[in-house]
Structures are given as C-alpha cells and as structure tokens.
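Right, one structure below, let's go through it.
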Amino acid sequence: QLQASGGGLVQTGGSLKLSCEASGNIFSADFMGWYRQAPGKQRELVAGFTTVGTTYADSAKGRFTLSRDNAKNTVYLQMNSLKSEDTAVYYCNAYSRAIATSYWGRGTLVTVSS
C-alpha cells in the first residue's frame, strides 16, 4: 500500500530523491512522511506532512525538502548535501488517527559514502 523507491549510493554532498506512492485512502492519512533507521539505532522521524503542516527533524532542516503530488498519490523527499550520518534505511509511513493504523512501506537503503 506504500511503495517507496529512490534509495541508492551517493557521495558526501550529493543528492537523492525518495518517492513514496500510496494506494487507496492512505494518501489522505493524518500523517505521511519518512522515517529512517541507521544500523544499531532506533527508527527516527525525518520529515512528514501532518494535519497542521510539515515537520522536519533538526538533522533534516535546510537540507531535505518534502513535497507531494496529489494527482499521483506520491510524497517525495528531496535530500541534498547528504552526509555519512544520513546513511540508513528510509521508510515511508502513513498514519490514520481515525482507525489508529500505521502503514509502513518497504524500506529503501540510502548509503552516503565519503
């Protein structure tokens, strides 16, 4: 129901754009965005659309940009000025408060090499 893509290997300072296509009513969920999980670390929020606006992790502010194409039911995460610490598996997530359900896409690996 959430199809994530766009990960890959990039050098420090490079850019990648992740895509997450949602099916059905998921796209209109209360939250749609991205989490990431680095090796040995907990999953953390990167950025997301909420009912009151857009939220970014401090580590993403100024470098990552979230956008959406409603016609394609797709959310994008443009990542610029990538650092080695951005290396992680990135997961697309949608949360519907009405039915208390969280949806996860299959992760996409982002590797930033120095």
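Net charge near Gln11, counting Lys/Arg +1 and Asp/Glu -1 over other residues with Cβ under 13 Å of its Cβ?
Once positives and negatives cancel, what remains is 0.
Would you count, across the chain, every pair of lysines whose alpha carbons are under 18 angstrom apart, provided the pair is eight or more residues apart or spans two chains? Walk me through the numbers on the way to the answer.
Working: Lys17/Lys61; Lys17/Lys72; Lys17/Lys83; Lys41/Lys83; Lys61/Lys83.
Lysine pairs meeting the criterion: 5.
What spacing in nm lies between the two simple spin-label points modelled at Ser102 and Thr50, each 7 Å away from Cα in the Cβ direction?
1.4
With springs connecting C-alpha atoms under 10 Å apart, model the chain as a Gaussian network and identify which of Val89, Val52, Val75 has the largest mean-square fluctuation.
Result for the chain, Cα springs under 10 Å: Val52 fluctuates most.
At 1.4 Å probe size, with the rest of the protein present, what percent of the exposed accessible area of segment 45-113 is carbon and sulfur atoms? Mind dumping the intermediate values first?
On the way: 1750 of 3520 Å².
Summing carbon and sulfur atoms, their accessible area is 50 percent of the total for segment 45-113.
Considering only protein heavy atoms, what per residue accessible area in square angstrom results for segment 1-94 with a 1.4 angstrom probe?
Numbers: 4800 Å² over 94 residues.
Dividing the accessible area of segment 1-94 by its residue count gives 51 Å².
Whole-Hz Karplus ³J(HN,Hα) for segment 42-58, in order, using 6.51 cos²θ - 1.76 cosθ + 1.60 and θ = phi - 60°, x for Gly and Pro?
Each residue of segment 42-58 in turn: 7, 5, 9, 6, 9, 6, x, 8, 10, 5, 10, x, 10, 10, 10, 5, 4 Hz.
The values are calculated or read from the model by the stated rules, or taken from the named source; none is laboratory data. The structure displayed is predicted, hence computed values, not measured ones. With ideal geometry, Cβ positions are generated from the backbone for all residues, glycine too; neighbour counts draw on all protein chains shown. When the accessible area is computed, the model is the full protein with side chains, heavy atoms only, and any ligands, DNA or RNA have been set aside. Shrake-Rupley method; radii C 1.70, N 1.55, O 1.52, S 1.80 Å.
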